[in-house]
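Right, one structure below, let's go through it.
The values are calculated or read from the model by the stated rules, or taken from the named source; none is laboratory data. What you are looking at is a predicted structure, and each value in this text was computed from that prediction instead of being measured. With ideal geometry, Cβ positions are generated from the backbone for all residues, glycine too; neighbour counts draw on all protein chains shown.
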Amino acid sequence: GAGVSQSPSNKVTEKGKDVELRCDPISGHTALYWYRQSLGQGLEFLIYFQGNSAPDKSGLPSDRFSAERTGGSVSTLTIQRTQQEDSAVYLCASSFQSGISTDTQYFGPGTRLTVL
Amino acid sequence: LAKTTQPISMDSYEGQEVNITCSHNNIATNDYITWYQQFPSQGPRFIIQGYKTKVTNEVASLFIPADRKSSTLSLPRVSLSDTAVYYCLVGDLGSNAGNMLTFGGGTRLMVKP
């Protein structure tokens, strides 16, 4: 079956512009996660959704970052007024259900964001 | 919030057993330990998960001591294709909504011929 997909695969933008990153989780997965990975670094947890709600948004780096999920499916991560330090690979993952820590996360290929 | 520490890198040779240890001194009672593998330009992929003692699957074993303050991923007889970054993940989104998932910095394993 189809895995987690993300779009665009690459995004180059100018400092100060807004960007939207999209994640399509595996069908039927209720939990969705966003991570950020800077070049050569580990994964930084940003936010997760249980259905359409995000119980904890404290992982978002600043108020320029926001995320939403509609219909319990597609999620969008929006970065406003991008800065060069926002350049990274943004990874999305989904799992069948969250709140159960045995649940395996399935990751998408990521979106590589470059802010000039 | 469980913080994890892993060695930055390890080298090995084909056919050897590789053990990668992750320290998580502040692990909470409800936290599970999960290991992921990541190849360049790909998202991480699940390897194995455990809560305590030993877990084994077709690709790896996971050893967790009684105090659960560390865990060791064991890869038997590695091959060149096992060259990747290995991440230790500790966390639970269940009982405490304030808990975030914490990945270790990852261990870059290089398998040489």
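With the requirement that a residue be at pLDDT 90 or above and among the acidic types (Asp, Glu), what does segment A:27-80 give you?
A:63, A:68, listed by residue number.
Would it be correct to say that residue A:15 is more than 10 Å from every other protein chain (Cβ to nearest Cβ) and either among the acidic types (Asp, Glu) or surrounded by 15 or more Cβ atoms within 10 Å (Cβ to Cβ) (or both)?
No; evaluated as a whole, the condition is false for this residue.
What residue, among those in segment A:49-62 that are polar (S, T, N, Q) and in a strand (DSSP E or B), is surrounded by the fewest Cβ atoms within 10 Å (Cβ to Cβ)?
A:53
Could you name every one of the strands (runs of 3 or more DSSP E) located completely within segment B:21-85 that has at least 2 residues being of a type in the set (Phe, Trp, Tyr)?
B:32-38
Would you point out the residue of segment B:23-66, among those that are more than 30 Å from residue A:5 (Cα to Cα) and of a type in the set (A, V, I, L, M, F, W, C), that is surrounded by the most Cβ atoms within 10 Å (Cβ to Cβ)?
B:27
What number of residues within segment A:63-98 are surrounded by fewer than 21 Cβ atoms within 10 Å (Cβ to Cβ), among the small types (Gly, Ala, Ser), assigned to a loop (DSSP other than H, G, I, E, B) and out of contact with any Asp or Glu (no Cβ under 9 Å at 6 or more places or on another chain)?
Going through segment A:63-98 one residue at a time, the tally reaches 3.
Could you tell me which residue of segment A:32-48 is surrounded by the fewest Cβ atoms within 10 Å (Cβ to Cβ), considering only residues that are within 11 Å of chain B (Cβ to nearest Cβ) and farther than 19 Å from residue A:66 by Cβ?
A:40
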